[in-house]
1. Tell me, which residue of the range B:230-245 that is assigned to a loop (DSSP other than H, G, I, E, B) and under 18 Å from B:Arg300 (Cβ atoms) is farthest from the other protein chains (Cβ to nearest Cβ)?
2. Among the residues of the range B:456-494, write down those that are free of Cβ contacts under 8 Å to residues at least 60 places away in the same chain, under 12 Å from B:Leu421 (Cβ atoms) and within 14 Å of chain A (Cβ to nearest Cβ).
3. Can you go through B:Leu5, B:Leu17 and tell me which one is surrounded by fewer than 24 Cβ atoms within 10 Å (Cβ to Cβ), without any contact (Cβ under 8 Å) to a residue 60 or more places away in the chain and not polar (S, T, N, Q)?
4. Exactly one condition in (1) surrounded by 24 or more Cβ atoms within 10 Å (Cβ to Cβ); (2) free of Cβ contacts under 8 Å to residues at least 40 places away in the same chain; (3) of a type outside the set (A, V, I, L, M) is not met by B:Tyr163; state its number.
5. Output the number of the condition that B:Ala428 fails; it satisfies all remaining conditions of (1) assigned to a helix (DSSP H, G or I); (2) touching a Ser or Thr at 6+ places or on another chain (Cβ under 7 Å).
6. Among the numbered criteria (1) buried (at least 24 other Cβ atoms within 10 Å of the Cβ); (2) more than 8 Å from chain A (Cβ to nearest Cβ); (3) of a type outside the set (Ser, Thr, Tyr), which single criterion is violated by B:Arg76?
7. Return the pair list, or none, for Cβ contacts closer than 9 Å from residues in the range B:216-231 that are without any contact (Cβ under 8 Å) to a residue 40 or more places away in the chain and surrounded by fewer than 17 Cβ atoms within 10 Å (Cβ to Cβ) to residues that are in a loop (DSSP other than H, G, I, E, B) and of a type in the set (A, V, I, L, M, F, W, C), at least 6 apart or on different chains.
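The values are calculated or read from the model by the stated rules, or taken from the named source; none is laboratory data. Computed from a predicted model, the values in this text were never measured in an experiment. FYI the Cβ positions are ideal-geometry reconstructions off the backbone, even for glycines, and counts take in every protein chain you see.
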Amino acid sequence: MKKQTQDWRFAQANKEALFSLGAYALYFIWWFIFGYGMGDGDPEQYSFVWGMPEWFFYSCIVGYPVITLFIWGVIRCFFKEVPLEDEALDADDDGQTSADSKKGNVA
Amino acid sequence: MSNELITIIPVVLYLALSFAVALWARNKSASKSSHGFMEDYFIGGRSMGGFVLAMTIIASYTSASSFVGGPGVAYRYGLSWVFLAMIQVPTTFLTLGVLGKRFAIIARKTNSMTITDFLRARYKSDAVVILCSVALLVFFMAAMLAQFIGGARLFQAVTGYPYIVGLVLFGITVVLYTAVGGFRAVVITDAIQGIIMVVAVVVILLAIINAGGGMEECMTTLKSIDSGLITPTGPSNAVPQPFTLSLWILVGLGILGLPQTTQRCMGYKDSRAMHDAMVIGTLLIGFIILCAHLSGALGRAILPDLPAGDLAMPSLIMELLSPFWAGVFIAGPLAAIMSTVDSMLLLVSAAIIKDLYVHYRLHGDASQMPSISIQRMSLICTAVIGMLVFFAAIQPPDLLVWINLFAFGGLEAVFLWPIILGLYWKRANATGAVASMLVGVATFITISITKPAMGGVHAIVPTTLVALCAFVAGSYFGRAPDGKVVALFWGEQQ
């Protein structure tokens, strides 16, 4: 078997999937540290921000806009627009992919 | 005008709007060929932009539980349950990001309109296709029934009209607009429903904070009722940490196993739409979930002595909102319910028409049948399934209610690994997929019934692990997928 060359769009897509998982992990860490970290003590000792317990304010009220902003930033910097249709690629392709896709239809 | 009548006005207006959308969508899809019609009816011609994509993912994901069940539990367990609900924030970006462009590209290459199409192209196995279709039919029917019952009960509690009136009103609406308008009608009504949900949660949250004398006052009241209500683990550790943490698995991975949500990832227009949807979707779903659950938790400060959590939202609405605004709010959960049901209904119909009938009776060639008969069949099929669920909801059969307990986990057990590993693991094959589906569902049901002591860990965690092991073992046991499939799915030239 010859060395195979992967569709360049897939390499990009794999990278983006890893970024998404990374953002998920980051949100988890944020949520966990502020939630259980600040909220672990005695409720009598809690400090409050805008009327809400500190742990809740930072983990939930702040956490979710932060992750939204983070996602926005990641998309701006690392995500690329790629054509989803094969036709757009056929110009620099030997037509193999579209032949395959026809087989896929019948299957 | 009586109060009941005023309450129902916003609801009726909103239902009428859904019909209008369905008719518009029907005119829009004037495709002549059989294949063209199916592509339109079941996936909207892959034309969704970012906003609609975000809305339809949110709407098909949020259901009765996000508006009534969830806030009801938050009423009992306080901020701990809001904290837990916030785990759902990454839903949209995770689904879109992980399945990503690969999934969209391959769906186009293989002409997939449903998850079953995708799995068929990947595994080339009748066993996989039939297991998927059966799981989808059984679990979706049960889940739709539960949504119908939830919606009708809520309607009854808030408006005072009998159960059957609510059921007829929104049950018929959702079945009709889905059958008539297909995917396009479903996603556009989803977008409208998403907006209504946002308005509804803001209205109720503001009303509650206002009635409680401000946020600080509400929290002080909660603390005096039970100081556990403002901790992350709930009153007397009712929401233990292992349980909360295992929901990260259920929600984070589980969402990728829900066919009504993942199917959306095949239907967007271009990669720009996907990028926009990841941001918009995260922003809105976080907002809806936060507001809805916080309303339930703070509601305890207003009405501290309700006998059951499920009564919290309906009682708060009646207590705090004027009849008209109560109607606007009630449209929120109804919208959440309808938007879940419509996607499921269409997928069940697609499973029967496309995955089973066209494939096995017409050998995958829809053009053997005149376009008009395919159209009529799809419409009738959707309507008949919808009516079956509707009649079942009038007198809910115990079996379906019981099955619904396993619907979410069952769907995840069936679909999660075959989708993910099919997309990312070259060695994945049909043996592995079948093994993981069977073992996964069996494990989930066994654990859910026998309830072994697992330190508060949700049944889905061991299920996911066992299903993964079964998949890997099965894949190495069976033959490697053939070169054509690998070429198609990895875009490689041989």
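1. B:Ala238
2. none
3. Every option except B:Leu5 fails the conditions.
4. Answer for B:Tyr163: the failing condition is (1).
5. (1)
6. Going through (1) buried (at least 24 other Cβ atoms within 10 Å of the Cβ); (2) more than 8 Å from chain A (Cβ to nearest Cβ); (3) of a type outside the set (Ser, Thr, Tyr) one by one, B:Arg76 breaks only (1).
7. Sorted first by the residue in the range B:216-231, then by its partner, the pairs are B:Glu216/A:Trp50.
A quick yes/no check of all residues on (1) in contact with a Phe, Trp or Tyr (Cβ under 9 Å, 6 or more places away or on another chain); (2) modelled with pLDDT under 85:
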site: B:Ile255; (1), (2): yes, yes
site: B:Leu258; (1), (2): yes, no
site: B:Met266; (1), (2): yes, no
site: B:Ser271; (1), (2): yes, no
site: B:Gly296; (1), (2): yes, no
site: B:Met318; (1), (2): no, yes
site: B:Ala336; (1), (2): yes, yes
